[in-house]
Amino acid sequence: LFSIGFLVALIMFLSSGRKVKLPMLGFASSFAELKPLIALAFCFSWAALSGLLGLSAAYGAFIAGLIIGNSNERTAMIEVTHPIQSILMMVFFLSIGLLIDLDYIWENLAIVATLFFVVAIFKTVLNVALLGLLGQPWQHAFIAGLLTSQIGEFSFLLSVVGVNAGVISSDESRLVISVTVMSLALSPIWVFTARRLRLLAQYGVTEAGELMRMVYGPEAEMVALTFDGAMSETQRSRRRVALFLRRHRLKRKRAKDQRETLLKAEDAHSGPADSPITAADAKPAALKPTTPKPDAAKEEKPKKPDTK
């Protein structure tokens, strides 16, 4: 109650139109490099004070942002803290990604989807009714109600704070995170579906089948064309691969046939094998006994000289 009362009193004070003057922000106006450090120090100081009072550190940081946002240095602080905001946003969504349990979502898909549709429809009807009571036209109230029907990222922080405070269990926190993730993921589809339904209702289309066909007809046709193109490309790729493999097999077969033909031609030109050589034939000719021929001996006998 104290935190709520203090927050209400602070908002009423800041809504009076008076700007808060912070001495340290005035000191940092002449030193541009000190502005981000002073903003972080101011934020951490309020977070520490909130923790000492038994409140959440996020509550103290939120109070620090309210005070700086209503000071004279608001525009300058937004510019110098924008890089820090980008980094912390990435860290925040990194921590949320670590908290998402896909196995839990698949196991409890029916419960998660049911809660998502209940919350989305309830918030849409509530937002449209409130905007209509405030005097907005029905068309504007309908679109604005749809755009604000999804569950915001702040639900992640609330679920973590609820678990730390013992208000909800870890399973209930996972359910809250799962429904929030589905809401953020499906909110674009929800918005453009509602816009097309409103346009078709203005043209007098009231049948459910005709509405669904006209609402999702362009996307369904695009998906069908993409699927047909992918299937055709797959068939062409299969035919190209089959043709390549067939050519490769034919080339290998031709090379094999050419090798066999060459081997047969070499065998045909080599002729029959020589007869084996016996040991007697292999004996050297010089070792065989030779007998002189008689005629040769007579011819070789020298003639006597004639003395007459």
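Points worth noting:
- Residues of the range 70-114 that are loosely packed, with under 14 Cβ neighbours inside 10 Å and of a type in the set (Gly, Ala, Ser): 86, 95, 97, 110.
- Some residue of the range 129-137 being surrounded by 13 or more Cβ atoms within 10 Å (Cβ to Cβ), among the aliphatic types (A, V, I, L, M) and outside the structural domain of residue 179 (by TED's automatic domain parsing): no
- Answer residue from the range 169-184, given it is of a type in the set (A, V, I, L, M) and crowded, with 18+ Cβ neighbours inside 10 Å and is farthest from residue 56 (Cα to Cα) among those: 182
- Those residues of the range 152-197 which are in contact with a helix residue (DSSP H, G or I) (Cβ under 9 Å, 6 or more places away or on another chain), among the small types (Gly, Ala, Ser) and outside any helix (DSSP H, G or I), in sequence order: 152, 169
- Just one of the listed residues (114, 124, 81, 75) is out of contact with any Pro (no Cβ under 9 Å at 6 or more places or on another chain), of a type in the set (Val, Ile, Thr) and touching a residue at least 12 places away in the same chain (Cβ under 8 Å), namely 124.
- Annotation: of all residues in the range 138-157 being over 27 Å from the mean Cα position of the chain (by Cα) and among the aromatic types (Phe, Trp, Tyr), the one that is surrounded by the most Cβ atoms within 10 Å (Cβ to Cβ) is 142.
- Verdict on residue 63 being in contact with a strand residue (DSSP E or B) (Cβ under 8 Å, 6 or more places away or on another chain), assigned by TED's automatic domain parsing to the domain that holds residue 7, part of a helix (DSSP H, G or I) and closer than 29 Å to residue 37 by Cα: no
The values are calculated or read from the model by the stated rules, or taken from the named source; none is laboratory data. Small disclaimer: the values here were computed from a predicted structure and weren't measured. Neighbour counts are summed over all protein chains in view; Cβ atoms, including those assigned to glycine, are modelled from backbone coordinates with ideal geometry.
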